[in-house]
1. Is it true that Tyr278 is outside the structural domain of Phe126 (by TED's automatic domain parsing) and farther than 15 Å from Tyr195 by Cα?
2. Which of the residues spanning region 30-69 are under 18 Å from Tyr308 (Cβ atoms), surrounded by 16 or more Cβ atoms within 10 Å (Cβ to Cβ) and not charged (D, E, K, R)?
3. Can you report the number of residues in region 129-152 which are of a type outside the set (Asp, Glu) and exposed (fewer than 15 other Cβ atoms within 10 Å of the Cβ)?
4. Going by the conditions given, is Phe12 modelled with pLDDT under 90, assigned to a helix (DSSP H, G or I), aromatic (Phe, Trp, Tyr) and surrounded by 15 or more Cβ atoms within 10 Å (Cβ to Cβ)?
5. Considering only helices (runs of 4 or more DSSP H) fully contained in region 30-85, which possess at least 3 residues that are of a type in the set (A, V, I, L, M)?
6. Check off (1) touching a residue at least 60 places away in the same chain (Cβ under 8 Å); (2) closer than 17 Å to Ile289 by Cβ for Gln123 and give me the number that stays unchecked.
7. Could you give me the residue pairs with C-beta distances under 6 Å whose first residue belongs to region 313-331 and is closer than 20 Å to Ala203 by Cα, whose second residue is of a type in the set (S, T, N, Q) wherever it lies, and which are 6+ apart or on separate chains?
8. Kindly provide the set of residues from region 18-29 that are in a helix (DSSP H, G or I) and either among the small types (Gly, Ala, Ser) or closer than 25 Å to Gln168 by Cα (or both), ordered by number.
Amino acid sequence: MSPIDTKEYLNFVNASLKKMDEGFYDESLIDLKKVISSNFFKKLKTNDQLFIRKRISWIQLTLGYYDEGWNNFVYNWIKDSHKFKKIYEQNNSIKYLINFNQIKKNEKLLIWNDGGFGDYIYQLRFLVHLVNRIDFKIYDSKMSHLLKDKDLIVSNSKKFDWHLPMNQLPRILNYNPTKYSSFNYNYLIQPFKKYQQFKNHVALCYKTNTSKAKSIDYELLEKLFFEKKNINFLILSKDFDKKEFSFLSSFKNISFVKNLDKSNLFIDTFNILNSVKYVISVDTAVTHIAGYLGKKNYLLLRKPGSFYWGVKEKKSPDYPNHIILRQKTVGNWISVIDDVIKLI
């Protein structure tokens, strides 16, 4: 292949990925399928191949092509061995689980959290479908204190045959919302009632430290606070700079929680969300905790969003009390804020 052909091919790949980033999933999927079936794809570096497969899996899962999507999703963690380095150091014979057919009688599975806290809350629901199928435990993490069954938590991988990242659970179960529609499984601790003073408040989380694209510029919230003066908003975002805090504090219908989650990750947030009237949140752990607790949640969603939320759906197949408000164009939060103002 000539240098000119190579440049044209890479331009085609980048254009296909850009279509995905702009929310044109159907078009992007057609193009990326052409990419992975080409001879040029075989000549790419392994990490580049895995990156493209990862993007395809997101599109396929978002569009509801679960069999194909999970098949490509299996490649996501092959390149991320550094994330389970500690586990491997404790047990260098432990193996990465690809599917249930690999597991033999009396073998044990260690499930670990890769760091996505919202993913952790969401994926724990799938444990109920592992019971009686395999002996498993969960590797200790910053979120362990929220897990109800402390006997599931271990801090050493020595006695395990297999390991798996938490967010790979739906893949090995071949998750499809039409097959897994019931998650009546109480896997988190019982909420405390210490925050009943917020029972007439609406919890608001407008940003996440893990993604700028998922977060809303605080100044865009002025219209919400001004037009909904009758609503008491409780801010569940953290780490404000002086200008941001000054802006938020200028509204009389805004409250904060001092030292939020200082003792343990999300511990105050978890209990507060159980007490408030309802929740307004961007796509972060707050929305998954609210979903677990069955709270009404207006989910303010970027375009494109995670495959959890589909493409056009206004309701979530996972959380029945979620109302999804989506960006109409990439990066445009103004229309989303206008939508939530009309609904609350």
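1. Values: outside the structural domain of Phe126 (by TED's automatic domain parsing): yes; farther than 15 Å from Tyr195 by Cα: no.
No, not satisfied.
2. Hits for region 30-69 are Ile56, Ser57, Trp58, Ile59, Gln60, Leu61, Thr62, Leu63, Tyr65, Tyr66, Gly69.
3. Taking region 129-152 as the starting set, the residues that turn out to be of a type outside the set (Asp, Glu) are 129-134, 136-139, 141-148, 150, 152.
Next, from what is left, pick out any that are exposed (fewer than 15 other Cβ atoms within 10 Å of the Cβ): 131-133, 142, 148, 150.
Total meeting the criteria: 6.
4. Numbers: modelled with pLDDT under 90: no; assigned to a helix (DSSP H, G or I): yes; aromatic (Phe, Trp, Tyr): yes; surrounded by 15 or more Cβ atoms within 10 Å (Cβ to Cβ): yes.
So Phe12 does not fit the description; no.
5. Numbers: elements: 39-43, 46-62, 66-73.
So the answer is 46-62.
6. Status for Gln123: all satisfied but (1).
7. His322/Asn297; His322/Ser316
8. Residues of region 18-29 that are in a helix (DSSP H, G or I), as a first pass: 18-21, 25-29.
Passing the criteria: Met20, Asp21, Tyr25, Asp26, Ser28, Leu29.
The values are calculated or read from the model by the stated rules, or taken from the named source; none is laboratory data. Bear in mind that the values here come from a model prediction, so they are computed numbers and not experimental data. Note that each Cβ is placed from the backbone with ideal geometry, even for glycine, and that neighbours are counted across all protein chains shown.
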